[in-house]
Amino acid sequence: MDEVGKKTAESTEALALLAQAYDDTIQVLGSALDLKDGKSAGHCQRVTAYTISIARTVPVPPQYLEVLARAAFLHDIGKMAIPDKILLKPGPLDDSEKQIMRTHCEIGYNVLTRVPFLREAADIVLAHHEFFDGAGYPRGLRGEQIPLGARIISIANALDAMLSDCPYRSALPMSHGREEIRCCAGTQFDPKIVEVFLTIPEKHWVELRENLDAPYRLSYYLKTLRMA
Ligand SMILES: [Fe+2]
């Protein structure tokens, strides 16, 4: 290899190591939320895996997949700042508690947007509770005003919430989850992405849920995305 080729290889390797160091840091941040909110342990890993499955079927460009994986992993990071009595309340939230809980989108955005590497992911995190018909929060964006990544994550997030036990109800069956998402096409969710989601067979989600790597490592997951 000539001198230029050697230098290029060294730079590529250094950049890969740097990206891995960033992703290891993101992994620690996401895991910290799991420690605080033990009941939803594994939620950010599952939402990341579901998001990538949907995004690949859409499909989105490979570089955007990486942005999306980081955004999905960190989508609820703002919940770190929500008081435990609200975050861990064993029942439905009242109106004032809901208002406080809803601030997790802006809090997450404000934390992530300070990191240039995560700026695009921050925009997605801010919008992950927007509704396609404009009835979501925090800004009431509608349709394609909502970043594509946020429109994908909102489906992945709802699917995992329905398939998981929560403080006031048991997990719902997969068929119910898919039907609920189909019913909310055009209101909560982007109908075109729901159409894509419904082409993915039920058994894919069941297998994905059962086979998520333990311990899950975001940097490893991203490496497999780059190699795919
Ligand atoms: Fe959220």
* Asked: What are the residue pairs meeting all of these: first residue in the stretch 147-164, first residue closer than 16 Å to residue 124 by Cβ and in a loop (DSSP other than H, G, I, E, B), second residue open to solvent by less than 20 Å² (accessible area, probe 1.4 Å) and not charged (D, E, K, R), Cβ atoms under 8 Å, and 6 or more apart or on different chains?
  -> 147/124; 147/127
* Asked: Out of (1) assigned to a helix (DSSP H, G or I); (2) closer than 22 Å to residue 107 by Cα; (3) not polar (S, T, N, Q), the odd one out for residue 52 is which?
  -> (2)
* Structure fact -> Of 147, 215, 191, the only residue that is open to solvent by 30 Å² or more (accessible area, probe 1.4 Å) and modelled with pLDDT under 95 is 215
* Any idea which of (1) open to solvent by less than 30 Å² (accessible area, probe 1.4 Å); (2) away from the ligand (no atom under 15 Å from the Cβ); (3) at pLDDT below 95 is the one residue 54 doesn't satisfy? -> (3)
* Tabulated pairs, the stretch 68-94, first charged (D, E, K, R), second at pLDDT 95 or above, C-beta under 6 angstrom, 6+ apart or interchain -> 70/121; 79/104
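Results for (1) within 22 Å of residue 20 (Cα to Cα); (2) at pLDDT 95 or above, shown as yes or no for each residue.
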site	(1), (2)
106	no, yes
111	yes, no
174	no, no
181	no, yes
186	no, yes
199	no, yes
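With respect to residue 60, determine if the residue is in contact (Cβ under 8 Å) with a residue 24 or more places away in the chain, part of a loop (DSSP other than H, G, I, E, B), more than 15 Å from the ligand (Cβ to nearest atom) and of a type in the set (Val, Ile, Thr).
yes
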* One residue from 42, 78 being of a type in the set (Gly, Ala, Ser), within 14 Å of the ligand (Cβ to nearest atom) and open to solvent by less than 30 Å² (accessible area, probe 1.4 Å) -> 78
* Asked: Take the residues of the stretch 88-104 that are assigned to a helix (DSSP H, G or I) and within 11 Å of the ligand (Cβ to nearest atom): which is nearest to residue 170 (Cα to Cα)?
  -> 101
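The values are calculated or read from the model by the stated rules, or taken from the named source; none is laboratory data. These numbers were taken from a predicted model, which means no experiment stands behind them. No Cβ is skipped: glycine too gets one built from the backbone with ideal geometry, and neighbour counts run over all protein chains shown. Each accessible area value is taken on the protein alone, full model and side chains, heavy atoms only, with ligands, DNA and RNA left out. Shrake-Rupley method; radii C 1.70, N 1.55, O 1.52, S 1.80 Å.
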